[in-house]
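Asks: Below you will find the structure I want to go over with you.
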Amino acid sequence: MSFVTRLTLQSGDRAALDGVVEDIRERVSRKGAEMKGPHSAPPEQLHVPRYKRPATEGDAAFGTWNYTVYRRELEIVGHDDLARDVTAGSPFPDSVHVAVEVEQVRSMGSS
């Protein structure tokens with residue numbers, strides 16, 4: 001029985017995101033673990049309205065605040081200690097949001 005650790009990393013700072021992904025890739029490679037990814041999703045363009053004062057009907061608004069969010073997904077197969085060290089043992093930049101999902105995978109024939 002092994003575990004698959006799925007990491008989803010998001011950031012508005014593409015350089016910081018790519019730096020974190022490259023660091024994870026190097027650490028996994030040094031340990032000889034299996035890694036799938038990183039898989040890149042298309043950048044997401046977000047638009048946030050800005051108002052001059054708390055929103056009421058008819059308030060004038062400033063221009064919208066536009067920003068881009070970049071996303072990478074990768075999976076670490078097995079190597080539970082390495083996955084734990086990557087996710088909890090290393091600090092990530094404040095500009096990078098990391099979500100971790102762990103899935104238990106049973107081999108064929110296991111009950």
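Asks: If amide hydrogens are placed 1.01 Å from N in the peptide plane, which non-local residues have theirs closer than 5 Å to the one on Phe3?
Replies: Gly78, Val105
Asks: May I ask you to compute the full-extension gain from Arg14 to His47, defined as 0.36 nm times their residue separation minus their alpha-carbon distance, rounded to one decimal in nm?
Replies: This chain segment gains 10.1 nm when fully extended.
Asks: Another question, if that's okay. For Lys36 and Val69 in one chain, what is 0.36 nm times their gap in residues minus the Cα-Cα distance, to one decimal in nm?
Replies: Result: 9.7 nm gained on full extension.
Asks: In percent, what relative contact order does the range 1-109 have, based on Cα pairs under 8 Å that are 6 or more apart in sequence?
Replies: This gives 49 percent for the range 1-109.
Asks: As a test of the formula, what do you get for the chain when each DSSP H run with n ≥ 4 contributes -39,500 (n - 2.57) and the sum is divided by the residue count, at 222 nm and rounded to the nearest 500 deg cm²/dmol?
Replies: Using -39500 (n - 2.57) per qualifying helix, the result is -6500 deg cm²/dmol.
All of the numbers you see were taken from the coordinates with simple rules; none came from a lab. None of the values given here were measured: they were computed from a predicted structure.
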